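The values are calculated or read from the model by the stated rules, or taken from the named source; none is laboratory data. Keep in mind that what you see is a predicted model, and the values were worked out from it rather than measured. Counting neighbours? That spans all protein chains shown, and the Cβs are built from the backbone with ideal geometry, glycine included.
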Amino acid sequence: MPSYTLYYFNGRGRAEICRLLFAAASIHYNDERIEFSEWTQFKTKMPCHMLPVLEIDTEMKVPQSMAISRYLAREFGFYGKNNMEMFKVDTICDSIFELFNDYMVMFNEKDTPKKNDLQQRFVYTSGRVLPYLEKTLEANKGGSGWFVGDQMLVCDMMCYSALENPVKENPNFLKDYPKITALRTRVLSHPKIAAYIKKRNNTAF
Ligand SMILES: N[C@@H](CCC(=O)N[C@@H](CS)C(=O)NCC(=O)O)C(=O)O
């Protein structure tokens with residue numbers, strides 16, 4: 001097993017899906033959290049000058065949260081059993097990413113008028129993606145299990161982590177989506193995820 005170091009800021013953000021994958025697989029990694037005050041000195045040392053970055057065996061540093069989470073999901077067996085299942089997992093992850101990316105961009109915006117525009121965009125994307133997720137979930141055994149197949153996969157974990165802040169900020173965010181709500185509870189009840197969430201840092205994002 002290689003040694004892994006995950007670099008991100010001291011928040012859940014775009015790195016949390018990777019942390020959930022490590023937790024669900026019980027794989028050890030170094031959770032390297034960089035303070036914003038230290039970022040300027042780190043930035044140019046990181047490929048693509050952004051975080052998260054995954055370092056493998058201190059030999060290679062890889063950027064891009066989705067590429068990292070797909071790699072980890074394949075390594076740890078959370079990506080589906082065949083090409084069709086993986087195709088479905090990708091479709092769901094990419095859809096959740098659209099919504100999550102809009103949220104992160106809005107969250108990080110400091111200028112109020114721009115933030116309001118980004119909020120509108122997030123609301124629009126949510127109205128497009130959430131009904132799709134609800135229907136997709138329902139199409140797999142009535143929505144009482146997981147998005148794809150019969151085990152928790154990266155797309156289920158992402159549905160939990162990507163929606164944490166929106167749900168915290170607005171408890172009604174998922175009120176029209178009972179299947180998504182129940183799925184997120186199932187992820188949270190997974191023993192390894194539950195244990196991780198109980199002990200993780202409590203951060204604003
Ligand atoms: N597409 C990239 C986006 C990464 C990204 O936007 N990272 C932000 C933090 S959430 C960052 O590193 N910001 C610092 C900067 O731009 O200087 C991914 O999903 O990993």
Taking first residues from segment 44-59 that are over 13 Å from Tyr8 (Cβ atoms) and second residues anywhere that are within 8 Å of the ligand (Cβ to nearest atom) and of a type in the set (Gly, Ala, Ser), the pairs with Cβ under 7 Å that are 6 or more apart or on different chains are none
Applying the selection to segment 1-31, what residues are crowded, with 16+ Cβ neighbours inside 10 Å and among the hydroxyl-bearing types (Ser, Thr, Tyr)? Tyr4, Tyr7, Tyr8, Tyr29
Keeping to segment 60-78, report how many residues are exposed (fewer than 15 other Cβ atoms within 10 Å of the Cβ) and touching a residue at least 60 places away in the same chain (Cβ under 8 Å). 0
Are there any pairs, at least 6 apart or on different chains, whose C-beta atoms fall under 6 Å, with the first in segment 91-106 and within 13 Å of Thr136 (Cα to Cα) and the second within 11 Å of the ligand (Cβ to nearest atom), and if so, which? none
Go through segment 101-116 and count every residue that is more than 9 Å from the ligand (Cβ to nearest atom) and surrounded by 14 or more Cβ atoms within 10 Å (Cβ to Cβ). 5
Given (1) under 19 Å from the mean Cα position of the chain (by Cα); (2) in contact (Cβ under 8 Å) with a residue 12 or more places away in the chain; (3) under 24 Å from Leu51 (Cα atoms), number of the condition Arg121 does not satisfy: (1)
Of all residues in segment 32-59 being at pLDDT 95 or above and on the phi > 0 side of the Ramachandran plot, the one that is surrounded by the most Cβ atoms within 10 Å (Cβ to Cβ): His49
Only unsatisfied item for Ser126, checking (1) within 9 Å of the ligand (Cβ to nearest atom); (2) outside the structural domain of Gly11 (by TED's automatic domain parsing); (3) of a type in the set (Ser, Thr, Tyr), is (1)
Only helices (runs of 4 or more DSSP H) wholly contained in segment 9-98 count here; list those with 3 or more residues that are within 14 Å of the ligand (Cβ to nearest atom) and within 30 Å of Leu133 (Cα to Cα). 16-25, 65-76
Only residues that are aromatic (Phe, Trp, Tyr) and within 15 Å of Ser69 (Cα to Cα): list them for segment 7-58, please. Tyr7, Tyr8, Phe22, Tyr29
Among (1) in contact with a helix residue (DSSP H, G or I) (Cβ under 6 Å, 6 or more places away or on another chain); (2) at positive phi, the one test that Tyr103 misses: (2)
Hey, Lys81 hits all of (1) under 21 Å from Leu137 (Cα atoms); (2) surrounded by 15 or more Cβ atoms within 10 Å (Cβ to Cβ) but one; which does it fall short on? (2)
